[in-house]
Amino acid sequence: MTPDPIIIGLSGGVDSSVAALRLRQSGRDVAALFMKNWEEDDVSGTCSAEADAADAQAVADHLGMVLHTRNFAAEYWDGVFEQFLAEHRAGRTPNPDVLCNREIKFKTFLDHAHDLGAARIATGHYARVGRAADGQWLLLRAADQNKDQTYFLYTLGQAQLAVTEFPIGDLPKPQVRELATGAGLATARKKDSTGICFIGERDFAGFLARYLPPCSGEIRSVRGTKLGEHPGVHFFTLGQRQGLGIGGRADGNGEPWFVVGKDPASNTVWVDQGDSPLLYSDRLEACQLSWVAGAVPAAAFECTAKTRYRQPDQACTVTMLGGGRCSVRFAQPQRAVTPGQSVVFYQGERCLGGGVIEATNAAYGGLKDRLGEH
Ligand SMILES: Nc1ncnc2c1ncn2[C@@H]1O[C@H](COP(=O)(O)OP(=O)(O)OP(=O)(O)O)[C@@H](O)[C@H]1O
């Protein structure tokens, strides 16, 4: 039997290298594709995309695969980066990895793989694809719970899962490295990638400042005192402690200050000291909902959810609100639930889908209600 041709997204990292290795070892008709989706060099002057491309080529050569190289910088700019900036401008904290999977890896890349004659694609994500008895495709957590990436993949639907494979989703990360070493892959010892998808590691504030002009405003204590100035609300995120520049204030109680609210309208960053109750919310509303099964599970249902990557699952009840929105009520109050990030729903091993957090009862709106105007 000759299995369908498949194209693996080869990033020049160890995970996709081992995913490619496993496909080759199973005798698949496999080619690879390296994407360069960001035009600039990084600030250090070295171009990490070039080094990654060279590593991808070395792995493809070693495994005897054709490597296609494509530049989707225009698609990345239009589909991911513009929205990333718009969200920051609006005072939210977007998740570019979620957008990147939706717009690039499982849309542009997938379409292009079809153009190249491959019916299927694979990536080195830590996740698994399953199939229910009724034929429905399932997005399942990775075997290595510590590396599970379903949080970033919840926008995948039936059409994508039907043609996607995650060849390392059943492996613990240490074993991925061992396989890479055993096979003599050039990427075996390469450190895991961090930073913004396709852009890489940056001084985040400096990078953002290149696209979003400074707009200074006040940092105020929730008790009303002006504590300092900030260069723009978009440089801050809820729960943030570092970089406020107000650490040693004599009028404080000595505990660290945290961002507890951002108000783009008045251009104010609100802060409080210690483990402020104002950072906690037991409710949120989400929009841009996406369901793996292709339909809302029920008008209301119980499940678990994560409001950030690596957060332990939290019990909650989801209620549909209409207009593609839902409300989520948590059994326990959650710290620093952040508008713009995603809430992702699970039932056991299954990722059900998720949406973008729009409001919480701790964000600035709730803050105003609780404190009154100053
Ligand atoms: N530049 C790229 N070209 C092609 N595919 C890519 C590229 N970057 C990422 N991918 C695909 O997306 C997957 C997940 O990307 P992510 O950035 O999370 O990398 P990762 O978990 O560090 O994996 P890797 O070790 O393969 O870089 C990769 O394993 C790869 O299949």
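Coordinate-derived values only; no laboratory data. None of these values were measured; they are calculated from a predicted model. Note: ideal-geometry Cβ built from the backbone for every residue, glycine included; neighbour counts use all protein chains shown.
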- Computed FRET efficiency, Cβ-Cβ of residue 321 and residue 78, R0 30 Å: what is it to the nearest 0.05? 0.50
- Task: Please report, in Å, the Rg and the Dmax of region 150-291, where both are computed over Cα atoms only.
- Result: 21.4, 61
- Item | Spin-label model distance (nm) - residue 70 vs residue 332, 7 Å beyond Cα toward Cβ | 4.4 nm
- Report the extension gain between residue 301 and residue 255 in nm, rounded to one decimal, defined as 0.36 nm multiplied by the number of residues separating them, less their alpha carbon distance. 12.6 nm
- the chain: radius of gyration over Cα atoms, expressed as a fraction of 2.2 N^0.38 Å: 1.06
- Task: Find the relative contact order for the chain and round it to a whole percent, using C-alpha pairs within less than 8 Å whose residues are 6+ positions apart.
- Result: 16 percent
- Note on the structure: Relative to the chain, whose Cα atoms define the longest principal axis, helix 14-25 and its Cα axis are tilted in degrees, nearest 10, by 30 degrees
- Query: Taking the Cα centre of each part, how many Å lie between region 54-75 and region 180-236?
  - Reply: 28 Å
- Item | Antiparallel content of DSSP bridges confined to the chain, in %, to 5 | 70 percent
- Dividing the Cα convex hull volume of region 6-183 by residue count, how many Å³ per residue is that? 138 Å³
- Nearest-ten-degree value, helix 173-182 long axis tilted from longest Cα axis of the chain: 30 degrees
- Computed from every Cα-Cα pair in region 213-275, P(r) in 5 Å bins starting at 0 and rounded to whole percents is 4, 21, 35, 25, 12, 3, 0
- Which angle between 0 and 90 degrees, to the nearest 10, do you get for helix 48-63 versus the longest principal axis of the chain when only C-alpha atoms count? 30 degrees
- Query: Contour minus end-to-end for residue 189 and residue 202, with contour as 0.36 nm per residue of separation and end-to-end as the Cα-Cα distance?
  - Reply: 2.5 nm
- Item | Given 107/262; 107/173; 262/306; 105/262; 147/262, the pairs whose alpha carbons are separated by over 25 Å | 107/262; 107/173; 105/262; 147/262
- Note on the structure: Ranked on Cβ counts within 10 Å of their own Cβ, fewest leading, 191, 147 go 191, 147
- Given unit charges at Cβ for Lys, Arg (+) and Asp, Glu (-), the dipole magnitude of region 249-299 about its Cα centre in debye, nearest 20, is 200 debye
- Paramagnetic reach from residue 85 in region 184-199 [backbone N under 18 Å; point 7 Å along Cα→Cβ]: 196-199
- Task: At 7 Å along the Cα-to-beta-carbon direction for both residue 309 and residue 61, put a label point, then send me their distance in nm to one decimal.
- Result: 3.1 nm
- What size of dipole, in debye to the nearest 20, comes out for the chain about its Cα centre when the only charges are +1 on Lys and Arg C-beta atoms and -1 on Asp and Glu C-beta atoms? 680 debye
- What is the Cα centroid distance between region 77-113 and region 266-345, reported in whole angstrom? 20 Å
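At 0.36 nm per residue, minus the direct Cα-Cα distance, what do residue 229 and residue 115 gain on full extension? Give it in nm, one decimal, please.
35.8 nm
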- Percent of alpha-carbon pairs separated by more than 18 Å within region 280-360: 28 percent
